[in-house]
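Nothing in this text is a laboratory measurement; each read-out follows from the coordinates by a stated rule. Because the structure is a prediction, the values reported are computed rather than measured. Note that each Cβ is placed from the backbone with ideal geometry, even for glycine, and that neighbours are counted across all protein chains shown.
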Amino acid sequence: MMKKILLSVFLFCSLCVNAQSSYNFETENLPYENLTGSISLNNGDVWDDPNYVIPLAFSFMVGSTAINTIYIHEDGLGGGLSTTQSGSGNGIGLLYPIAQDLVDLGFFTESSVSPISYKTIGTAGNFITIIEWKNVGFFDDTTVSDYINFQVWFHEGSNVLEYRYGPSQINNPFESYEEFPGALVAFAPKINTGIGTVVEAAYVLEGSPENPTVHITEPGDEFNGASLIGDIPNGTVYRFTPEPLSINDFSIVDFQIYPNPASNYLNIKTQSTNYNVTIYNSLGQKVNATLSENRIDISNLSDGIYFIKIETETGSAARKFIKQ
């Protein structure tokens with residue numbers, strides 16, 4: 001019963017929102033690869049509601065909070081990550097690639113068959129720390145046969161967060177999904193679990209697992225049971241990319257850009273005569289662009305979403321534009 005209460009609290013919190021942080025969400029399908037040479041967290045022990053500490057090899061931003069350690073806390077039902085060791089409190093981040101109650105499939109045989117491990121790959125400046133849950137079961141599945149594979153990826157520098165899903169077998173969805181039509185997937189960068197309020201914008205996925213939508217409700221709204229409908233296909237990637245600039249934070253300088261969308265050139269209209277311009281892609285990386293007489297050549301940029309930031313002696317401002 002306690003597990004059900006905790007699940008309801010966490011999911012209620014993740015559906016309340018304000019406008020302090022912003023992520024772009026996208027779905028992709030890529031081949032799923034199991035980790036090799038990873039560091040075991042359960043070390044062969046059978047687990048239920050595990051409590052593990054995972055060091056990141058770099059500083060990672062979860063919303064506005066910088067972390068270098070992530071936690072699998074016992075209140076997280078096996079598949080939840082927390083930015084603090086307590087797993088509850090004011091202003092913590094919760095990451096749920098799947099929020100149903102998970103368990104080692106060997107829980108009933110006392111021999112672990114569902115390892116949890118992590119590994120950091122890449123080189124300095126471009127490290128990726130990956131946490132993997134392999135062949136994990138569902139606590140409420142009385143058939144003890146359903147399982148799912150998934151990973152959480154933390155990207156250094158860009159602060160991109162990814163949930164990646166591998167092979168699964170869900171023959172008993174009613175019990176495994178705890179009467180929901182599919183997996184509960186959420187990302188809450190900062191919440192207050194004590195009173196159920198969100199400090200920074202939170203995201204819950206709903207609808208088709210192949211192409212879900214992000215469900216966000218206003219503060220104080222009750223949890224309405226939003227979830228995915230059906231099983232998450234093998235190779236699915238859910239990606240949360242932080243917007244490099246908070247548009248609402250830059251309001252001192254007034255400027256306009258046109259046309260938007262643009263193909264070759266982006267024009268700037270402003271009263272400022274002395275300013276600097278920086279353009280970022282959707283990953284928060286600076287891209288090269290040439291400014292000449294209030295006109296920027298963007299012909300070399302790939303199609304997609306970008307952000308332009310203008311800075312003067314008195315302040316700065318930002319706008320989003322589309323290159324097509």
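For an R0 of 56 angstrom, estimate the FRET efficiency from the Cβ-Cβ distance between Ser292 and Thr143 and round to the nearest 0.05.
Calculated transfer efficiency: 0.25.
Can you order the peptides 297-307, 232-242, 46-56, 30-40 by their average number of other Cβ atoms within 10 Å per residue, highest first? Don't skip to the end; give the middle numbers.
On the way: 297-307: 14.7, 232-242: 18.7, 46-56: 17.1, 30-40: 11.9.
Listed from highest to lowest mean packing, they are 232-242, 46-56, 297-307, 30-40.
Above 14 Å lies some portion of the pair distances; for segment 37-91, what is it as a whole percent of all C-alpha pairs?
57 percent
Between Gln256 and Gln285, take the C-beta separation as r, use R0 = 35 Å, and let me know the FRET efficiency to the nearest 0.05.
The computed FRET efficiency comes out at 0.90.
Taking the Cβ of Asn34 as the center, what net charge do the other residues with Cβ under 10 Å away carry, scoring Lys and Arg +1 and Asp and Glu -1?
-1
Going through segment 102-194, which GluC sites (Glu not before Pro) have at most 13 other Cβ atoms within 10 Å and a DSSP loop state?
Glu110, Glu179
Which distance in nm do the two modelled labels at Asn234 and Ser86 give, with both placed 7 Å along the Cα-to-Cβ direction?
So the label points at Asn234 and Ser86 sit 4.3 nm apart.
So which of Lys190/Lys320; Lys119/Lys190; Lys134/Lys286 end up more than 27 Å apart, counting from Cα to Cα?
Lys134/Lys286
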